[in-house]
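*Asks:* First the structure, then my questions, so here it is.
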Amino acid sequence: LLKTLEETPNNVIFILATTDPFKIPDTILSRTLRFDFKRVSNDEISNHLKNILSKEKIKYEDLALDTIAFKAEGSVRDALSMLDKIIAYSHSNVSYDLVKDSLGVIEDKIFLKLFNDICNDNSESLLSEIKKILDSGYSISDFISGFNIFLSNCLLYTSGYKNNKLINSD
């Protein structure tokens, strides 16, 4: 690749795209012009998925697409990949329950129970609930990431930022 980059004909342009630029060797990076693109917003991803599903005449729930967009973390490619896998199991109906189960999403009401157990110093219930979550097949990284996001959203909500997409007021 290095030799090809150094001896490229004038009418040829290579475009290398990656989400992991740190994996590209310095010898390649030093011979390229780098552009970093910002992440796509969840609303834009969700609207893009809605557009695709409408054209394909596949039923969907808005919450399901919002969840896919959230899990994609700004990557349209990842969102489309997730959606494609979910459609394969969905029988032409992309529901929130299917997305939640497929992507390992833990609902806020479970995190709220855990948070209450922490606040009430109820370690027995807390450990039991965490064990139940992990035994259900959720990964520890999904659990920790989800709980961190839940706590962050709670902090935003209690500070006055009332956005129902972040956290349910219940």
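The values are calculated or read from the model by the stated rules, or taken from the named source; none is laboratory data. Quick caveat: nothing in here was measured; it's all calculated off a predicted structure. Cβ atoms come from the backbone with ideal geometry, glycine included; neighbour counts cover every protein chain shown. The area values use the complete protein model at the heavy-atom level, side chains included, leaving out ligands, DNA and RNA. Shrake-Rupley method; radii C 1.70, N 1.55, O 1.52, S 1.80 Å.
*Asks:* I'd like to check something: does the range 155-165 contain any residue that is part of a helix (DSSP H, G or I) and surrounded by 13 or more Cβ atoms within 10 Å (Cβ to Cβ)?
*Replies:* Looking for residues that are part of a helix (DSSP H, G or I) and surrounded by 13 or more Cβ atoms within 10 Å (Cβ to Cβ), one finds at least one in the range 155-165, hence yes.
*Asks:* If you take the residues of the range 19-49 that are under 14 Å from ASP78 (Cα atoms) and open to solvent by 70 Å² or more (accessible area, probe 1.4 Å), which of them is nearest to the chain's Cα centre (by Cα)?
*Replies:* ARG39
*Asks:* What is the number of the single condition among (1) acidic (Asp, Glu); (2) surrounded by 12 or more Cβ atoms within 10 Å (Cβ to Cβ); (3) not in a helix (DSSP H, G or I) that ASP78 does not meet?
*Replies:* That leaves (3) as the condition not met.
*Asks:* Here are LYS85, LYS131, LYS109: which of them is touching a helix residue (DSSP H, G or I) at 6+ places or on another chain (Cβ under 8 Å) and either under 26 Å from LEU53 (Cα atoms) or in a helix (DSSP H, G or I) (or both)?
*Replies:* On the way: LYS131 fails: touching a helix residue (DSSP H, G or I) at 6+ places or on another chain (Cβ under 8 Å); LYS109 fails: touching a helix residue (DSSP H, G or I) at 6+ places or on another chain (Cβ under 8 Å).
From the options LYS85, LYS131, LYS109, the qualifying one is LYS85.
*Asks:* Can you confirm whether ILE87 is open to solvent by less than 40 Å² (accessible area, probe 1.4 Å) and among the aliphatic types (A, V, I, L, M)?
*Replies:* So ILE87 fails the test.
*Asks:* Look at the range 58-68 and say how many of its residues are open to solvent by less than 70 Å² (accessible area, probe 1.4 Å) and touching a Lys or Arg at 6+ places or on another chain (Cβ under 9 Å).
*Replies:* 4
*Asks:* Something else: Take the range 93-124 and flag every residue that is farther than 25 Å from ALA79 by Cβ, free of Cβ contacts under 8 Å to residues at least 12 places away in the same chain and either under 16 Å from the mean Cα position of the chain (by Cα) or open to solvent by less than 60 Å² (accessible area, probe 1.4 Å) (or both).
*Replies:* none
*Asks:* I've got another one for you. For SER81, state whether it is without any contact (Cβ under 8 Å) to a residue 12 or more places away in the chain, closer than 30 Å to GLU56 by Cα and hydroxyl-bearing (Ser, Thr, Tyr).
*Replies:* Considered against the rule, which asks whether it is without any contact (Cβ under 8 Å) to a residue 12 or more places away in the chain, closer than 30 Å to GLU56 by Cα and hydroxyl-bearing (Ser, Thr, Tyr), SER81 comes out as yes.
*Asks:* Additional query: Please go through the range 59-75 and pick out each residue that is of a type outside the set (Ser, Thr, Tyr), in a helix (DSSP H, G or I) and either touching a helix residue (DSSP H, G or I) at 6+ places or on another chain (Cβ under 6 Å) or touching a residue at least 60 places away in the same chain (Cβ under 8 Å) (or both).
*Replies:* LEU63, ALA64, LEU65, ASP66, ILE68, ALA69, PHE70, LYS71, ALA72
*Asks:* Could I ask something else about it? Could you check LYS55 against (1) at pLDDT 90 or above; (2) surrounded by 10 or more Cβ atoms within 10 Å (Cβ to Cβ) and say which number it fails?
*Replies:* Of everything listed in (1) at pLDDT 90 or above; (2) surrounded by 10 or more Cβ atoms within 10 Å (Cβ to Cβ), LYS55 misses just condition (2).
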